Structure formats: C-alpha cells, structure tokens
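Trainee: Okay, here's the structure, questions in a sec.
All of the numbers you see were taken from the coordinates with simple rules; none came from a lab. Model, not experiment: these values are computed from the prediction. Glycine also receives a Cβ, built like all others from the backbone with ideal geometry; neighbour counts cover every protein chain displayed.
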C-alpha cells in the first residue's frame, strides 16, 4: 500500500466511527500506519521541505505542516484496540493491544539504558538516540538521530524532536492528539532543554535554542526578548515560537495593578537573555561526551 493509499484508508476508517471496530481491513490499515511511523516514513508533523509533506502545497507560516490523517490513524488505533495483558521485561501491563511496548535490538542503534524506560509502539526513535532511565516516549512521537532523552523526561504523543537534542532530566514535552489539526510541540535540531523544563501546547523551539532549567513555555506564555526589545506571543493562527539560537531563562515581571501591585507580587516570565554564541556552545560540549 502506498502512502497515498494508506492515507485514504485511514481517513475512511476514521470517518466510519464505531463501525470500523472489528473490521480486519481497518486493523490492517492501522498496523501499516503504526509500522510506517516507527520507520520514520510518516509523521504527525513534517517540515515544509520534507518529502512527507503533501506535494505542491504552499509553505506554512511556521515551516511545519500538521499531517492530520496521521493523528487520525493514531486515534483509530485506540478505537480499534481492546484491553489486553501486555508482557514486558519481567513486568506486565494492561493497555490497548494496538499499543504494546516497543522492543529494540542492537541493530536498531538505539541505546536504552536499564532502569524502567518505556517506548510505546507507534513512536519513531532514530539510530543514535540515548534513553536514560526512567523516561517515556509516547505513540506518534518522532525522536531524531543523536538525541538524548534523559531521566524522568517525557516525550508526549506526536511531539517532534530534532537531531542532537538534549532533553535534560525531568523535561516534559507535551503531547497532543486532538483536535487532529492542532500542531504538536516541535523541538528543532541542536536544542538543549534544561532540567525540569516544560514545553506545551504546540510551542515551536527553533534550531539551536537553549532553555535553562525550569523554563515553562505554553501557548499563553509571552516570552520577553531583552536582546531585541520585543515580546513574543502566540496568535490565533500561530503557536508560540522561540527563535533560533535564543537562550531562554526563567524570569519574573511585576504585577502593576490592584492587589498584586499592593502586595508586591510578580508573575513568571521566560526571558531571552542572549543568543547562542561560541561561549554558549563551549558550555554544552559535555553533551558529546555523554553519548
């Protein structure tokens, strides 16, 4: 089945609703989609230059395009699945049988360190990825070459993680399945996400950016760019976008009205304090030693 044929089948069975449950052809289409995701042939969101995006379409405003039919297929898997006992490495799980735990061999080139990590079926994990325990990668996620997913880090459903990214300990990359046309969180190449950081609600972190430990980014979070004297916000059409090579740290802004001002309160505010340079890169060379 070609990708075009697979898309047509997924859209058909998703639109069929509960009538698709028990249909062997629907299950076959889902399994083919799940396998294609795991091979990296299709993904929930694709860069405009990717062959996975539809042909002859104009560039998107963010440089990324949501493939809604892939997300429909992931949701279809939950609809078609039934609860089953799923064996693990000395453990047992109860989940939809359509989403078992993925198993890796030496030939996959993925380093999964012992200690309680889990990758769900329907996630793409490229060669050279390092999984430090315990961490979790959910269905529909895409994790590219050379990335480290550190201890207690989460890669949510459909999140897109680029090459040579470090998701530090306890970093949380939010997932999104519905609505199917909603953009997932996108972390581009060579990004460093500091410990206890959280990136949610379709936020895009551009290539080379650094989020210091404890930085939280959501659709409703304005980012204060001290370098350029501007405030970055999401709009109805575009998610929050952190610029290329930006170095973002947690900050605060004073409440200037009402009781907040009277009590001297401040609100959390992420702040771009600089843009990545040679000195910043030198401070992150430890990444290569850990891989």
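Trainee: Express in % the proportion of alpha carbon pairs of region 70-135 at distances exceeding 14 Å. Intermediate values should be presented prior to the final figure.
Mentor: Numbers: 1359 of 2145 pairs.
Of all Cα-Cα pairs in region 70-135, 63 percent lie more than 14 Å apart.
Trainee: Using the Kirkwood formula on the Cα atoms of region 158-207, what hydrodynamic radius do you get, in angstrom to one decimal?
Mentor: About 10.9 Å, per the Kirkwood formula over Cα pairs.
Trainee: Out of the DSSP beta bridges found with both residues in the chain, what percent are antiparallel (nearest 5)? Mind showing how you got there, number by number?
Mentor: On the way: 21 of 55 bridges.
Around 40 percent antiparallel, to the nearest 5.
Trainee: Residue separation times 0.36 nm, minus the C-alpha to C-alpha distance between residue 2 and residue 83: what's the value?
Mentor: Contour length minus the Cα-Cα distance gives 26.2 nm.
Trainee: Using a 7 Å offset from the Cα along the Cα-to-Cβ direction at both residue 48 and residue 103, what is the distance between the two label points in nm, to one decimal?
Mentor: According to this spin-label approximation, the distance is 4.4 nm.
Trainee: Here's a follow-up. As an exercise, find the ratio Rg/Rh for region 203-281 from alpha-carbon atoms, using the Kirkwood inverse-distance average for Rh.
Mentor: Rounded to two decimals, Rg/Rh equals 1.02.
Trainee: Can you tell me which of 106-119, 36-49 comes out highest on packing, and rank the rest after it, using the mean Cβ neighbours within 10 Å?
Mentor: So the order, starting with the most tightly packed, is 36-49, 106-119.
Trainee: If Rh is defined by the Kirkwood formula over all Cα pairs and Rg also comes from Cα, what ratio Rg/Rh do you get for region 84-283?
Mentor: On the way: Rg = 18.4 Å, Rh = 17.9 Å.
Result for region 84-283 is an Rg/Rh of 1.03.
Trainee: Further question on the same structure: Note down the relative contact order for the chain as a percent, whole number, built from C-alpha pairs under 8 angstrom at least six residues apart. Can you show the working numbers first?
Mentor: On the way: 720 pairs, mean separation 28.6, N = 291.
Over the chain, the number comes to 10 percent.
Trainee: For region 213-252, report the convex hull volume of the alpha-carbon atoms normalised per residue, in Å³, without decimals.
Mentor: 80 Å³
Trainee: Can you give the log10 of the normalised intensity I(q)/I(0) at q = 0.12, 0.19 Å⁻¹, computed with Debye over equal Cα scatterers of region 97-200?
Mentor: Per q value, in the given order, log10 I(q)/I(0) is -0.33, -0.86.
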